[in-house]
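Participant: Take this structure, written in structure tokens, and hold onto it; I'll ask about it next.
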């Protein structure tokens with residue numbers, strides 16, 4: 001078979017864990033890769049290890065709209081198309097933190113940055129003949145949900161509560177994106193399962209140590225977890241939405257993939273962005 005032309009790949013949360021492994025694998029296949037991460041030290045380490053001019057690192061805190069817009073501007077200057085967008089960025093926060101935009105930080109980074117990157121980069125994704133967005137979260141898990149009475153968790157914040165809510169929001173984001181007739185990009189929701197990935201990034205040394213110990217005995221190797229991602233980038237699925245939980249297709253009728261809930265979240269997100277005058281497209 002003829003060798004495929006190099007792809008333009010963008011990875012958020014790509015300086016550690018699975019995002020990092022995906023970036024290095026795609027570089028090895030000849031792609032041009034842009035990694036977005038918030039830690040300049042890890043970014044430099046990645047650049048040094050790769051020693052490859054086809055790798056760019058953009059340092060940014062994607063929990064704010066201004067930073068997302070700055071990153072999108074840089075990517076747009078560098079590329080006329082994007083073939084794959086990998087969404088990995090997340091951070092576990094023991095205490096509730098508000099971003100500069102006034103949003104709960106887990107919701108802002110884990111969900112909203114992924115929403116914004118998919119929307120803002122849509123023209124470049126649609127410029128590719130076959131593009132794919134891969135959202136790495138927890139599809140297939142039915143725990144948690146959107147706390148409609150208080151989505152920003154102002155009164156009852158908890159680390160697990162915030163993570164589960166953002167995870168379910170990403171499930172619904174995939175449903176919404178796939179139903180958008182204006183976009184040609186394929187959308188993949190992927191839950192890799194417990195993976196030896198990113199423990200060093202946890203803010204608590206105790207929790208980080210526990211994750212590492214558990215990972216020694218129970219976690220999947222990073223290489224195994226990223227293998228499907230690497231192949232989806234190479235060969236995007238034909239379906240508008242693909243959902244995979246630890247190697248198995250997810251039932252599209254699962255309650256966490258409810259189109260009505262997806263529409264409700266899309267409307268809430270649009271209202272949130274309008275209220276802060278940050279999104280001219282959220283009308």
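The values are calculated or read from the model by the stated rules, or taken from the named source; none is laboratory data. Because the structure is a prediction, the values reported are computed rather than measured. We place every Cβ from the backbone using ideal geometry, glycine too, and count neighbours over all the protein chains shown.
Participant: One residue is enough: does segment 96-119 have a residue meeting the conditions in contact with a helix residue (DSSP H, G or I) (Cβ under 9 Å, 6 or more places away or on another chain) and over 30 Å from residue 260 (Cβ atoms)?
Facilitator: Scanning segment 96-119, I find at least one residue that is in contact with a helix residue (DSSP H, G or I) (Cβ under 9 Å, 6 or more places away or on another chain) and over 30 Å from residue 260 (Cβ atoms), so the answer is yes.
Participant: Further, regarding this structure: With the requirement that a residue be in a loop (DSSP other than H, G, I, E, B), closer than 19 Å to residue 132 by Cα and within 16 Å of the chain's Cα centre (by Cα), what does segment 72-93 give you? Full working, then the answer.
Facilitator: Taking segment 72-93 and keeping what is in a loop (DSSP other than H, G, I, E, B), we get 79-83, 88-93.
Of the ones still in play, those that are also closer than 19 Å to residue 132 by Cα are 79-83, 88-89.
Within segment 72-93, 82, 83, 88, 89 qualify.
Participant: Additional query: Evaluate the following for residue 253: is it modelled with pLDDT under 95 and over 20 Å from the mean Cα position of the chain (by Cα)? Explain how you work it out, then say what you get.
Facilitator: Values: modelled with pLDDT under 95: no; over 20 Å from the mean Cα position of the chain (by Cα): yes.
No: the conditions fail for residue 253.
Participant: Among the residues that make up segment 94-104, is at least one of them within 15 Å of the chain's Cα centre (by Cα) and either under 23 Å from residue 268 (Cα atoms) or crowded, with 21+ Cβ neighbours inside 10 Å (or both)?
Facilitator: We begin by selecting, within segment 94-104, every residue within 15 Å of the chain's Cα centre (by Cα); these are none.
Checked against the condition, which is being within 15 Å of the chain's Cα centre (by Cα) and either under 23 Å from residue 268 (Cα atoms) or crowded, with 21+ Cβ neighbours inside 10 Å (or both), segment 94-104 yields no hits at all.
Participant: Test each condition in (1) over 14 Å from the mean Cα position of the chain (by Cα); (2) assigned to a loop (DSSP other than H, G, I, E, B) for residue 69 and report the one that comes out false.
Facilitator: So the condition that residue 69 fails would be (2).
Participant: Taking into account only those residues within segment 76-93 that are touching a strand residue (DSSP E or B) at 6+ places or on another chain (Cβ under 7 Å) and surrounded by 21 or more Cβ atoms within 10 Å (Cβ to Cβ), which is farthest from residue 126 (Cα to Cα)?
Facilitator: 89
Participant: Can you find, within segment 161-191, the residue that is surrounded by the most Cβ atoms within 10 Å (Cβ to Cβ) among those that are over 17 Å from residue 269 (Cα atoms) and at pLDDT below 95?
Facilitator: 183
Participant: Within segment 1-53, which residues are touching a strand residue (DSSP E or B) at 6+ places or on another chain (Cβ under 7 Å) and surrounded by fewer than 14 Cβ atoms within 10 Å (Cβ to Cβ)?
Facilitator: 40
Participant: Could you grab me the full set of residues in segment 26-75 that are free of Cβ contacts under 8 Å to residues at least 12 places away in the same chain and closer than 21 Å to residue 109 by Cα?
Facilitator: Selection gives 41, 67, 70, 73.
Participant: For segment 219-270, name all the residues that are assigned to a loop (DSSP other than H, G, I, E, B), within 19 Å of residue 17 (Cα to Cα) and touching a residue at least 60 places away in the same chain (Cβ under 8 Å).
Facilitator: 246
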